[in-house]
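Contents: one structure, followed by commentary.
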Number of protein chains: 2
Amino acid sequence: MAQTWSCSHADWTLLKKESSLMPHKFTLQDMDNKIRTAQYAVRGAVPARAGELQAKLKAGEKLPFDRLVFCNIGNPHAVGQKPITFYRQVAAAVTDPSLLTAGIYPEDVKKRATDYLAATNNAGSGAYTDSSGLLLVRQQVAEFLLRRDGFPSEPKDIYLTTGASEGVKRAISALIKDERCGMLIPRPQYPLYSAALTMVGGRIVYYDMFEEKGWKTTYEELNQAANDAFTDGTKLRAMTVINPGNPVGAVLDREDVVMLINFATEQKLVILADEVYQENVYREGKQFHSFKKVLRELQKDDPVAYKDTQLISFHSTSKGIIGECGQRGGYMEYVGFSDQVLTQFTKMAATSLSSNTLGQIFVGLMVNPPKPGDPSHELFEKETSAIFQGLTRRALRMTEALNKVPGISSQPIDGAMYAFPSVQLPKKAIEEAKQKEQEPDGLWCLQLLEKTGIVTVPGSGFGQKEGSFHFRTTILPPDELLEEVITKLTTFQEDFMKTYGGGGY
Amino acid sequence: MAQTWSCSHADWTLLKKESSLMPHKFTLQDMDNKIRTAQYAVRGAVPARAGELQAKLKAGEKLPFDRLVFCNIGNPHAVGQKPITFYRQVAAAVTDPSLLTAGIYPEDVKKRATDYLAATNNAGSGAYTDSSGLLLVRQQVAEFLLRRDGFPSEPKDIYLTTGASEGVKRAISALIKDERCGMLIPRPQYPLYSAALTMVGGRIVYYDMFEEKGWKTTYEELNQAANDAFTDGTKLRAMTVINPGNPVGAVLDREDVVMLINFATEQKLVILADEVYQENVYREGKQFHSFKKVLRELQKDDPVAYKDTQLISFHSTSKGIIGECGQRGGYMEYVGFSDQVLTQFTKMAATSLSSNTLGQIFVGLMVNPPKPGDPSHELFEKETSAIFQGLTRRALRMTEALNKVPGISSQPIDGAMYAFPSVQLPKKAIEEAKQKEQEPDGLWCLQLLEKTGIVTVPGSGFGQKEGSFHFRTTILPPDELLEEVITKLTTFQEDFMKTYGGGGY
C-alpha cells in the first residue's frame, strides 16, 4: 500500500482510554448487541441441524430415515399444498402479458390480469409501485374489509408490505422511541415479536396465555403485567395479539376481543393485531372476530370511550387457504392514527421503495376471489374447499393423535396451522439437557429430529410457563405423511421415556 | 367499558415526575426520533406533489401539461422500457408450471424453469426458501462472480435480498453498535444510506465528491473526514462507495478503487460497495472494476497487508439492462467476515423469513443469461442490445443537451441512470426559497414540476457543496419523450431566469 494510516490531528489520549476507538477488523464483538441477543427459534438450532441432515441424505449417507418432514414452519406449498389455479394464471399473465392472447386462459383470468396491468400504467410487474402499494390493490383490500366487517376502510390507511413480517417490524420500530418503551407480547408468542422488539432495543413485557384455559389470557393477567411494567419504569406503548393464535392454535371469542380492546383502550396501548390466520378456523361453532370490526362496534355504542383506541392489523398471502408464502404479499391497516403519523410510516415504506409488485397483486387476488358465474369460479371453489377441508381434518386428527401419545397432551387446534402440545420430560432428560446447556425441550426436539427426521420447534423458542415443556408442529403434511409423523412420534416418545425413565417427572 | 384502569401497585410519584409515562394516545411526538428525522428525498416533497398533480389530471383538471414525466427515480419499466422476453417467460412458467406443456415456450425457457422448480423441491414460487435464498441461485451468483472477476466466490457468502435496499439496511443496522458508531458516506449520495444510518441512530460522516474532478473524491478528503470523525469521538465502522455513481453518474477507474480499498484497509473500515449499476457503463474506454476483483488482486500481491479488509457488495435486478425493479431481487456478498458474524446475518435474514422466491429467480436469470446456441439467445441479444444502446444514446444526449441550457452544467454521464447537473440560481430565487423555508433547488424543482410536469429530485436531497444547487434526473424516458423533457426544461429555465433575474448569481 502506498499510504499509511495517519491520525495526526486526532486525540490520541482518547484513543488510549478507549481501545474500541482503535481501528480494528469488524468481528462479532462489534456487532450491535441488540441484534446479537435477538432469538428466532422458528429458524433456529433444530431447523439448522435439519439442513445439515438433509445435506447428508443428498450425499447418500445412511440415516435412520430417508427424508425430512418439515413441521417447523407454516410453509404449506413446501409440504405439498398445490397453488390455486386462478391466482397463478393471473400472476403468469401479468408476468408475461403475451399469454393474454395465447388462447389458453379463461376470460376472467385475462380480465383480472388486464386490470392489474392497467393499475401499473401498463408498466407491469417490473416497475416499483407507490411506496404504500398499488392503489387498485389497496382499494380491493378496503372493499374486502367492508364486506368482512360491515364497516368502511380507506385505501389511504392500507399499506402493502413484504409479507406481514415487514409490516410488524416497521410498526415496532416506529412505536419504540427509546430503551424505556415496551410492548406487551403474549407468552407463548410467535418469536418475530420478541426478535423485532429486541433488535430495536425495546422492552419485552410478557403476558401469559394459560394452557388450561385453552391458551387464552385474562384481564387480571394483562393488568398485572402492565402494572409490573409500570413499576419498572417501562413506558408501555403497544400490545400484540395473535388471533387465531400462533403457536397455540386458539381462536378468540368475541368477548375475548372485547376484553383485549378494553384493556388496550384503558392503558392507551396500540393494538398490533396479527390476524394472518383469519381464514384458518376449523372448529364447529368457532368464528374469527376481527379487532377492527369489534372496535367499530364498540365505538358505535360508545364513541367517547373508544375515540382514542389505536389498532394496526396485519394480514398476509402466506397463510389462509392461499398459502403463498413465497410471494411475500401482505398488508397492514392503520386505525386511529393521525395523518402526521401515517406520513412517517409512508416515509419508512419509501426507504424500501415498494414491496414486490406481483406479491401486491397476490394480495389483491386473495381478497377478491372469483365470483359465482365467473369461468374460474367452479375450479376455484373445488380447490379451496379441498384445502380447507384437508386443514380441518388434519387439525382434528393431530389433536386426537397427540393426546394418545404417552406424556404428550394438546389443547384442541381450533385455528391457525399449528399444535403446541406439552411434553412431560423425565428428570434425567432435564438434567442431561442442563449439562449440555440446552433447553430440555430443545434436547427432545433435536433427538426427535435425529431419530425420525421430523423437524419441530422447541416450546422454549416461543416462551412457556416455567417448568413446562412444549414443541410446535404444523398440521400441514398431507394425510398420509401426517400419519407417518404420528406413528414415528409415538414410537420416538415411547423410546425416549424408556431411555430416560418413564416415571419420576 | 366494564373495567377501569387500575394502577394501584404502581409508583404514582414517578408518574407525576414524568408525564410521558402517563398513558396517552400514540402521536407523532411518541414516534422514534431517529425515524422522524430520517430524510428520503427520492420519494420526498417533489414526487409527493407530482402524485397530487397526477390525481388532478385524472380528474380532468386543466394543467399546463397533459402528463407527468417521472424522472425522479430509476424505474425503467415505468417509463416504457420493455421486459426481456426470456426472463419473463421463465418466470411465467415457474408461476404456472402448466405452461411447460402448453407448447408455447422455447426449450431453454422450459429447461430453466424446470431447474428452478427443482431447486424449490418442486414447491415452486409459493414456498418460503432458506433465509439466505435458493442454493441454486446463490450458486449461479457465485459462478457469475467467478466469470466476472476471475476469483472464486462461495454460495455461503451470498445472501439473496429484497432488492439491494434490504441488504444495505441489514448491513448498516448490524454495523452500528451504538450512537457513537459512524459510517463514511459520499456527498452527494443516494439517500438510502443516510436514511438507514439515521434510523438506527448511527453517525453520518460525509466525504465530498468533487464536481470539478468528475464527481470523484480524493485520499486527502477521505483522510480529513476520518480524522475529523475521530476527533469527535466517532467510531468509524464502514465506508459506502457507489460505483457507478448515484446520483452522480461517475465510473471509478481501477486506481480510484485501489485508493478507496487502501484507505478502508488502513482505517479498518468495512467497505459497503453499492455496485447495482455495474452493467450501466456508457462511455467508450470506461469500464466497471468491482471492489471484490481489485481487492483479490491486491491480496494476491500482498496477502498480509490486505488480510483484514472487509467488503460487502450489493447488486440488484432493478438496474442494469434488466431493470426489473418490481421483482425486488437482489443479493449481497460478504468478503472477509467470520462465520460467527455470518451466522448473525443469517439470523437477521431469518426474521424476514426469505425474500420473494420469484425475485430470487430473477437474480439467477440476470446473472445467467441465455448462451449462444440457446433458442432464446438471438432475441435476448437483440432486446438487451437495444436497451443498452438506448441508455448509452440518452446518456450522451442528456449530457450534451443539459450543457446547452443557460445556467445549467453537467459532468459527463459515464454510468448509472442519472444526470446530476448543477443549476445556478439567481439571488432573488434563493431569497424567495428562504422565505418559504424551502431549499433553493427544491423551489426550482417544484416550479419545474408545476410548469412542465417533469418530476426531478432537488440536489439538496442527496447532499451537495454549500452554496451549490443541483437536481437529479434520470436518463430513462424514451428518445422522443427525452427530447420533450429537454425542450421543456430549456424553456422553463429561460423563463425562470427572466422571472428571477438572469444575472446576479
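The values are calculated or read from the model by the stated rules, or taken from the named source; none is laboratory data. Every value quoted in this text rests on a predicted model; they were computed, and no experiment measured them. Reconstructed Cβ throughout: ideal geometry from the backbone, glycine too, with neighbour counts over all protein chains shown. Surface accessibility is based on the protein's heavy atoms, side chains included, excluding ligands, DNA and RNA. Shrake-Rupley method; radii C 1.70, N 1.55, O 1.52, S 1.80 Å.
When the test is whether a residue is farther than 30 Å from A:H77 by Cβ, surrounded by fewer than 19 Cβ atoms within 10 Å (Cβ to Cβ) and small (G, A, S), B:A416 does not pass it. Looking at the range A:331-342, is at least one residue of a type in the set (G, A, S) and not assigned by TED's automatic domain parsing to the domain that holds A:D157? The answer is no; no qualifying residue exists. Summed over the range A:269-323, residues that are without any contact (Cβ under 8 Å) to a residue 12 or more places away in the chain and more than 25 Å from B:P23 (Cβ to Cβ) total 2.
Looking at the structure I just gave you, is B:P188 out of contact with any Pro (no Cβ under 7 Å at 6 or more places or on another chain) and more than 13 Å from chain A (Cβ to nearest Cβ)? It is false that B:P188 is out of contact with any Pro (no Cβ under 7 Å at 6 or more places or on another chain) and more than 13 Å from chain A (Cβ to nearest Cβ). The conditions of being surrounded by 24 or more Cβ atoms within 10 Å (Cβ to Cβ) and out of contact with any helix residue (DSSP H, G or I) (no Cβ under 6 Å at 6 or more places or on another chain) are met by B:N246. If the condition is being in a helix (DSSP H, G or I), under 16 Å from B:G461 (Cα atoms) and not hydrophobic (A, V, I, L, M, F, W, C), then the range B:37-53 contributes B:T37, B:R43, B:P47, B:R49.
Mind listing whichever residues of the range B:336-365 are in contact with a Ser or Thr (Cβ under 7 Å, 6 or more places away or on another chain) and away from every other protein chain (no Cβ under 12 Å)? Matches in the range B:336-365: B:V363 only.
Taking the criterion of being surrounded by fewer than 23 Cβ atoms within 10 Å (Cβ to Cβ) and at pLDDT 95 or above, would at least one residue in the range A:85-92 satisfy it? Spell out how you get there, then give the answer.
Of the residues in the range A:85-92, the ones surrounded by fewer than 23 Cβ atoms within 10 Å (Cβ to Cβ) are A:85.
If we keep only those that are at pLDDT 95 or above as well, we get A:85.
Looking for residues that are surrounded by fewer than 23 Cβ atoms within 10 Å (Cβ to Cβ) and at pLDDT 95 or above, one finds at least one in the range A:85-92, hence yes.
Would you call A:F388 assigned to a helix (DSSP H, G or I) and open to solvent by 40 Å² or more (accessible area, probe 1.4 Å)? Before you say what the answer is, go through the steps one by one.
On the way: assigned to a helix (DSSP H, G or I): yes; open to solvent by 40 Å² or more (accessible area, probe 1.4 Å): yes.
The answer is yes for A:F388.
Being buried (at least 23 other Cβ atoms within 10 Å of the Cβ) and of a type in the set (G, A, S) narrows it down to one of A:G364, A:G336, A:G373, so name that one. Checking each option against the conditions leaves just A:G364. Going by what's in this entry, would B:L396 be described as under 19 Å from B:H77 (Cβ atoms), touching a residue at least 24 places away in the same chain (Cβ under 8 Å) and assigned by TED's automatic domain parsing to the domain that holds B:L482? When the stated conditions are applied, B:L396 does not pass them. For B:A123, the criteria (1) under 30 Å from A:I172 (Cβ atoms); (2) in the same structural domain as B:V257 (by TED's automatic domain parsing) hold in every case but one, which is (2). Number of residues in the range B:88-121 that are closer than 30 Å to B:L68 by Cβ and out of contact with any Asp or Glu (no Cβ under 7 Å at 6 or more places or on another chain): the value is 1. Summed over the range A:141-170, the residues that are over 19 Å from the mean Cα position of the chain (by Cα) and hydroxyl-bearing (S, T, Y) give a count of 1.
Among the residues here, A:G60 does not qualify as open to solvent by 40 Å² or more (accessible area, probe 1.4 Å) and in contact (Cβ under 8 Å) with a residue 24 or more places away in the chain. Would you call A:E431 surrounded by fewer than 24 Cβ atoms within 10 Å (Cβ to Cβ), over 21 Å from the mean Cα position of the chain (by Cα), without any contact (Cβ under 8 Å) to a residue 12 or more places away in the chain and at positive phi? Here the answer is no, as A:E431 does not meet what is asked.
Output yes when any residue across the range B:98-118 is farther than 30 Å from B:E383 by Cβ and surrounded by fewer than 18 Cβ atoms within 10 Å (Cβ to Cβ), and no when none is.
Narrowing the range B:98-118 to residues farther than 30 Å from B:E383 by Cβ: none.
Checked against the condition, which is being farther than 30 Å from B:E383 by Cβ and surrounded by fewer than 18 Cβ atoms within 10 Å (Cβ to Cβ), the range B:98-118 yields no hits at all.
Among the criteria (1) surrounded by 18 or more Cβ atoms within 10 Å (Cβ to Cβ); (2) within 28 Å of A:L298 (Cβ to Cβ), the one A:G150 does not fulfil is (1). Tell me, which residue of the range B:39-53 that is at the interface with chain A (Cβ under 10 Å from one of its Cβ atoms) and at pLDDT 85 or above is surrounded by the most Cβ atoms within 10 Å (Cβ to Cβ)? The extreme case among them is B:P47.
Here B:S318 meets each of (1) under 24 Å from B:Y190 (Cβ atoms); (2) assigned to a loop (DSSP other than H, G, I, E, B); (3) of a type outside the set (K, R); (4) more than 10 Å from chain A (Cβ to nearest Cβ) with one exception, condition (4).
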